[in-house]
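What follows draws every value from the coordinates through simple rules; no lab data is involved. Because the structure is a prediction, the values reported are computed rather than measured. As a convention, Cβ positions derive from the backbone with ideal geometry for all residues, glycine included, and neighbour counts pool all protein chains shown.
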Amino acid sequence: MYMEKPMQQFLDKLSSKSPEPGGGSAAALVGAEGAALVGMVCYLTLGKEKYADVEADIQKLRDDSEAIRADLQRLLQEDTEAFAAASAAYKLPKETDEEKAVRSAKIQEGLKAATEVPFAIGQKSLEVARLSLTAAEKGNKGAVSDAGVAVLFAESAVQAAALNVRINLVSIKDEPYVADKWKRMQAMMIEVETLKEKVLKITYDKIG
């Protein structure tokens with residue numbers, strides 16, 4: 001489990017010739033960092049008399065950001081496992097027609113599994129962007145730059161997830177599945193871009 005090991009070990013393996021971890025896991029890590037920054041804004045806001053009127057909102061925001069961070073940390077590991085399973089399918093025997101059929105089915109199954117994980121990373125990272133908007137609007141003004149960084153991380157994670165989704169979709173033969181997944185992924189990219197612009201405007205306006 002990468003999250004239970006030193007960050008140095010993850011980064012060293014990420015920079016090696018090892019096929020995993022890869023871009024999907026890196027996207028999950030960046031998204032989790034964005035969620036952690038939202039949590040930071042919350043902890044720097046809670047208990048402050050100046051922000052007493054939004055205390056309940058910030059408490060919920062903190063809980064939501066922590067839950068999403070946990071999801072993204074889990075997805076970081078799941079992405080490595082899904083990639084390994086998909087890669088294993090390509091190594092199955094293909095001497096007979098029956099073996100070829102089994103191999104082809106397993107490859108398609110593996111590719112879909114390898115698509116679902118980065119797709120979920122994109123969904124969770126989009127949620128981080130949504131939370132960062134609330135953090136920027138209601139959180140401690142002194143920590144508003146952290147809300148800005150959070151949305152930048154969230155946007156990067158969504159875009160990175162999209163690349164990992166797309167590279168799998170091009171090899172999937174189920175056309176309705178491909179069309180649906182990519183349409184939904186594109187909608188995420190559009191929304192996160194809009195949220196990024198909103199949060200950055202609030203951030204710079206508050207910084208002055």
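Computed values, structure above
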{"item": "Residue-by-residue Karplus 3J(HN,Hα) for the range 13-28, coefficients 6.51, -1.76, 1.60, Hz, glycine and proline x", "result": "6, 4, 8, 8, 7, 4, x, 9, x, x, x, x, 5, 4, 4, 4"}
{"item": "Selection from ALA147, GLY31, ALA120, by position along the positive dipole direction of the range 21-207 (Cβ)", "result": "ALA147"}
{"item": "The chain, relative contact order [Cα under 8 Å, separation at least 6], %", "result": "27"}
{"item": "Read-out Rg/Rh (Cα atoms, Kirkwood Rh), derived from the coordinates shown; its label in (1) 0.96; (2) 1.08; (3) 1.01", "result": "(2)"}
{"item": "Using θ = phi - 60° and Karplus 6.51 cos²θ - 1.76 cosθ + 1.60, couplings along the range 106-122 (whole Hz; Gly, Pro as x)", "result": "5, 5, 4, 4, x, 5, 5, 4, 6, 7, 4, 5, x, 4, 5, 4, x"}
{"item": "In Hz, Karplus ³J(HN,Hα) per residue of the range 57-69 (6.51, -1.76, 1.60; θ = phi - 60°; x = Gly, Pro)", "result": "5, 6, 4, 5, 4, 4, 4, 5, 5, 5, 5, 5, 4"}
{"item": "Sparse-neighbour loop sites [trypsin sites (Lys or Arg not before Pro); the range 1-98; at most 12 other C-beta within 10 Å; DSSP]", "result": "LYS17, LYS91"}
